[in-house]
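To start, the structure under review is shown below, and the notes come after it.
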C-alpha cells in the first residue's frame, strides 16, 4: 500500500529500526533480510529528501527531522493498518457496526455484562447501543434500525425469534409517608386513584395502545427511564412500579415500601434477546445470537 508515493512497507521498516535500535534487529522483528530493511529506509529518505537516521554510532538514532517525522509516521501506520483491517472486514461480509437496543425492562448490569464479554472477543465490530422504552425496542427492530433487542416480546409473534434470558419482577412501591392510610392493608386501585402515578414514556414514533401498570383515571407523570422514575418515587412525588433488581437496597432499608397485594399484585416480565426471522443476519450478529443461546 502506498500513500502519495510512500510505501507502508517502508514506513514499517523505518518504525521497526527506531523501535529495535538497529537494522539487523528490525529485520529479525519483521522476518525480513537486513538488506531489504536497509533499502526500504534508504528509499524512504530519498523520497522525502530527509536524513531520518544517524548511522554514525554503534546504534542508529533519529535525527531531529527523523524524530519529528517518526511521530507522524506512527499515526499513519496505525491508520493504514486499521483501514486495511476495515477493508478486509467488509470483504468478508463481517459487520463493522452491530446495532443493539436495550429496553426499559432489562436488568442493565446483566445485559451490559453479556455484551461486554462478547465484544471483548469481537473488537473489530463496533457496538452501537441505544435505550428505548415500552414499544420503542420492537419498533426499532421492525424498522430495521436494530439487529437485536433485549426486551419483552410477544412469544406468539411469528415475525420474531427469541432467547429467553431472565425474569424481572416489577413491584408497586411508595416512599414512607406517601400514603395517608396504613401501608400494610390490601390496597385497591380505587384507593390509589387520587395519587400521582409515575410511568415510563413510550419512545416509539408510533406508540402502541398497550399500557403497562397504568391505573385508569389516575393522574400521572412520565419519565424517560426507571432511574428517574425511582428518584421521583423516593422523593414522595409519585408512586409506581419499579424493577425489583433496581430497588433491592431501598426495599431492604425502608426507603421504599412495597404495596403489592391481591388488587395491585405487580407483574413479572420475561426479558429476551429478540431478532427478526425474515432478515439475513451477519456473522457477528449470528455469533452473538449463539453466544446468548449458550448462556453465560
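Convex hull volume of the C-alpha atoms in region 66-169, normalised per residue: 146 Å³.
Using r as the Cβ-Cβ distance of residue 248 and residue 270, and R0 as 25 Å, what FRET efficiency do you calculate, to the nearest 0.05? About 0.80, to the nearest 0.05.
The mean sequence separation of alpha-carbon pairs under 8 Å and at least six residues apart, normalised by the residue count of region 2-92, gives a relative contact order of 26 percent. Taking all Cα pairs closer than 8 Å and separated by 6 or more residues, the relative contact order of region 167-268 comes to 51 percent.
Indicate, rounded to the nearest 5 percent, the antiparallel portion of the DSSP beta bridges found entirely in the chain. The antiparallel fraction comes to roughly 60 percent.
With a simple spin-label model that places each label point 7 Å from the Cα along the Cα-to-Cβ direction, the separation between residue 195 and residue 220 comes to 1.7 nm. Between residue 208 and residue 75, the contour length at 0.36 nm per residue exceeds the Cα-Cα span by 42.9 nm. Over the C-alpha atoms of the chain, the Rg to Rh ratio, Rh being the Kirkwood estimate, stands at 1.24. Per residue, the convex hull spanned by the Cα atoms of region 147-296 measures out at 142 cubic angstrom. Bridge orientation summary for region 167-268: considering DSSP beta bridges with both residues in this region, about 60 percent are antiparallel. With contacts taken as Cα pairs under 8 Å and at least 6 residues apart, the chain reaches a relative contact order of 20 percent. Counted by neighbouring Cβ atoms within 10 Å, the residues 192, 142, 227 run from fewest to most as 227, 142, 192. Helices in the chain, meaning DSSP H runs of at least 4 residues, each add -39500 (n - 2.57). Divided by all residues, the mean residue ellipticity at 222 nm is -12500 deg cm²/dmol.
Spin-label pair residue 117-residue 36: with each label point 7 Å from Cα along the Cα-Cβ axis, the two points sit 4.3 nm from one another. Applying 1/(1 + (r/R0)^6) with r as the Cβ-Cβ distance of residue 83 and residue 228 and R0 = 35 angstrom yields a FRET efficiency of 0.25.
Readers should treat all values here as calculations from the given coordinates under stated rules, not as data from a laboratory. Being a predicted model, the structure only gives us computed values, none of them experimental. Cβ sites come from the backbone with ideal geometry, for glycine too, and all protein chains shown count toward neighbours.
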